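The values are calculated or read from the model by the stated rules, or taken from the named source; none is laboratory data. These numbers were taken from a predicted model, which means no experiment stands behind them. For neighbour counting, all protein chains shown are included, and Cβ atoms are generated from backbone atoms with ideal geometry for every residue, glycine included. What goes into the accessible areas is simple: the full protein's heavy atoms, side chains included, and nothing from ligands, DNA or RNA. Shrake-Rupley method; radii C 1.70, N 1.55, O 1.52, S 1.80 Å.
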Amino acid sequence: MGFDACGIAEIKELYSEAKQLEQWLKNGMHGKMYYMEKYFDIRINPALILPNAKSIISLLFGYYPKKKQSALELKISKYAYGKDYHFILKEKLFTLYEVLKEKIGNFNARAYVDTAPVMDKVWAKKSGLGWIGKHSNLIVKKSGSYYFIAELITDLNLNSDTEIKDYCGNCTRCIEACPTGAIIEPYIVDARKCISYLTIELKDELIPNEFKDKMSGWIFGCDICMDVCPWNKFATPHQHTELEAMPEILHFSKKDWEDLSEEQFKILFKHSPIKRSKFKGLKRNLKFVLTAIE
Ligand code: SF4
Ligand code: SF4
């Protein structure tokens with residue numbers, strides 16, 4: 001199917017992760033992502049999604065791009081350079097499910113790409129695909145963290161892979177590099193301070209003024225903590241033609257972003273993750289970031 005890695009974990013209730021998630025929510029670090037408060041039971045126990053669920057198959061799909069935005073003032077997170085990964089991966093997962101049924105007989109499964117309350121990074125970690133770094137993203141040893149995660153929750157009783165250890169060691173580069181101090185302590189990100197949240201998830205009219213000089217030019221998402229991570233030195237460009245970068249994203253100047261009309265936005269970003277911020281949100285981000293730059 002073109003996935004870059006695959007791992008399997010036995011489904012069990014996530015006790016320690018449940019405590020951490022509960023505390024994070026209690027501290028309000030999810031900000032206005034109120035959907036995070038919902039389906040807590042399911043989030044910590046995927047067996048509630050599928051009766052008799054036994055194994056979870058986690059799959060990774062690399063998105064580290066060949067060409068990057070070079071020296072542009074206004075930046076877009078690399079994950080949003082091309083088409084929306086949700087559609088690409090969902091289709092692949094369904095095909096994988098069909099192929100597996102052809103090979104081994106009928107079984108039940110649910111396919112997810114960010115579309116259900118499933119702690120995908122935790123399951124990818126439990127499947128031995130990598131560890132969760134201090135910036136809270138999954139890191140694959142020797143190939144970094146620019147991966148989308150997808151999963152099949154199944155009622156198959158599969159052999160599990162072995163978890164690997166955490167290789168962050170004494171490194172604190174991501175914590176030091178974060179311009180807003182969002183990584184409040186190793187492994188804990190306060191979403192309310194994270195540029196990704198501020199530019200994508202926060203739907204308010206305005207971004208809080210305290211972040212004015214801290215956006216570092218990011219108008220959709222932020223890659224700083226991943227870019228500085230030493231493990232991403234090993235990242236190699238993906239070979240997925242479906243994820244090819246849009247030329248506009250690679251070359252849009254400040255003026256191009258400023259001149260972008262709502263009609264152009266709708267056409268240009270019809271299949272892009274950028275449409276999540278909507279035209280109004282993107283213009284809000286642009287205005288906020290530019291007032292700091294100018
Ligand atoms: S994405 Fe950016 S703002 Fe968010 S934690 Fe990483 S460096 Fe900080
Ligand atoms: S920058 Fe260092 S501390 Fe942060 S995730 Fe990477 S290895 Fe871990």
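Table for the structure above
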{"read-out": "Cross-chain or 6+ apart pairs with Cβ under 7 Å, the range 174-188 first and closer than 10 Å to Phe211 by Cβ, then β-branched (Val, Ile, Thr) and assigned to a helix (DSSP H, G or I)", "value": "Pro179/Ile224; Thr180/Ile195"}
{"read-out": "Tally, over the range 210-245, of residues that are assigned to a loop (DSSP other than H, G, I, E, B), in contact with a Ser or Thr (Cβ under 7 Å, 6 or more places away or on another chain), more than 12 Å from ligand 1 (Cβ to nearest atom) and open to solvent by 20 Å² or more (accessible area, probe 1.4 Å)", "value": "1"}
{"read-out": "Test: residue in the range 198-218 that is within 16 Å of ligand 2 (Cβ to nearest atom), under 23 Å from Trp24 (Cβ atoms) and of a type outside the set (Phe, Trp, Tyr)", "value": "no"}
{"read-out": "Members of the range 6-29 found to be farther than 14 Å from Val122 by Cβ, of a type outside the set (A, V, I, L, M, F, W, C) and either in contact (Cβ under 8 Å) with a residue 40 or more places away in the chain or not in a helix (DSSP H, G or I) (or both), listed by number", "value": "Asn27, Gly28"}
{"read-out": "Single unsatisfied condition, Glu151 versus (1) touching a Lys or Arg at 6+ places or on another chain (Cβ under 9 Å); (2) free of Cβ contacts under 8 Å to residues at least 12 places away in the same chain; (3) not polar (S, T, N, Q)", "value": "(2)"}
{"read-out": "Tally of residues being at positive phi and within 12 Å of ligand 2 (Cβ to nearest atom) across the range 140-167", "value": "1"}
{"read-out": "Residues within the range 48-102 that are outside any loop (DSSP other than H, G, I, E, B), among the hydrophobic types (A, V, I, L, M, F, W, C) and open to solvent by less than 40 Å² (accessible area, probe 1.4 Å), tallied", "value": "11"}
{"read-out": "Qualifying position, being assigned to a loop (DSSP other than H, G, I, E, B), open to solvent by 70 Å² or more (accessible area, probe 1.4 Å), under 27 Å from Lys90 (Cα atoms) and out of contact with any Leu (no Cβ under 9 Å at 6 or more places or on another chain), among Lys278, Lys203", "value": "Lys203"}
{"read-out": "The range 167-200 - residue that is more than 10 Å from ligand 1 (Cβ to nearest atom) and surrounded by 19 or more Cβ atoms within 10 Å (Cβ to Cβ) and, of those, nearest to Ile274 (Cα to Cα)", "value": "Ile200"}
{"read-out": "Condition broken by Leu268, with the remaining ones in (1) more than 18 Å from the chain's Cα centre (by Cα); (2) surrounded by fewer than 14 Cβ atoms within 10 Å (Cβ to Cβ); (3) farther than 26 Å from His135 by Cα satisfied", "value": "(2)"}
{"read-out": "Among (1) open to solvent by less than 80 Å² (accessible area, probe 1.4 Å); (2) in contact (Cβ under 8 Å) with a residue 40 or more places away in the chain; (3) within 29 Å of Ile188 (Cβ to Cβ), the one test that Lys32 misses", "value": "(1)"}
{"read-out": "Top-ranked residue of the range 124-145 - restricted to ones that are open to solvent by less than 10 Å² (accessible area, probe 1.4 Å) and not in a strand (DSSP E or B), ranked as nearest to Asp114 (Cα to Cα)", "value": "Ala124"}
